1. Out of the residues in the stretch 18-65 that are among the small types (Gly, Ala, Ser) and surrounded by 13 or more Cβ atoms within 10 Å (Cβ to Cβ), state the one that is nearest to Ser6 (Cα to Cα).
2. Out of the stretch 66-117, which residues are small (Gly, Ala, Ser), more than 18 Å from Phe23 (Cα to Cα), open to solvent by less than 60 Å² (accessible area, probe 1.4 Å) and not in a helix (DSSP H, G or I)?
Amino acid sequence: MSLDVSPQLLAEAEKGEVREQDFVDTVRTSLPYAYDLIASLAGELRYGTAPFADNRTPPPSEKERGQLLRALSSDAIRGSLERHFGVALAFQNCHRVAVFPPEARGGETYTRFTSVRSQLLNQSPEFRDC
């Protein structure tokens, strides 16, 4: 599944740059599960006291899993979501996405979450085909 791009936005892209908010709106409507999950985590981070917020619940279906993977594997989508929500995203497996304050990049908690060791410790057989 690709993004559901309106003819108007496509025409704008063909002419030159588009407004990032228009792109984010396209992501929101095309990948609602991924957008809503990241929005929810950003809210938890903003109003909570933890150094980051993360999701440990698998998506309800492969459709939603695909949306999450698509959003996080595209530099343009991922970067736009980070700027839109004011967060740094980190991703460990087919559903464990985390949001950090942008200034946390390079810090101890972010580095530990994104480390090879953490990636290995966060594996299990049910994630092999996700």
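1. Across the stretch 18-65, the extreme among qualifying residues is Ser30.
2. Across the stretch 66-117, the qualifying residues are Ala88, Ala90, Ala98, Gly107, Ser115.
The values are calculated or read from the model by the stated rules, or taken from the named source; none is laboratory data. Note that this is a predicted model, so its numbers are computed, not measured. Neighbour counts run over all protein chains shown; Cβ positions are idealised from the backbone, glycine included. The area values use the complete protein model at the heavy-atom level, side chains included, leaving out ligands, DNA and RNA. Shrake-Rupley method; radii C 1.70, N 1.55, O 1.52, S 1.80 Å.
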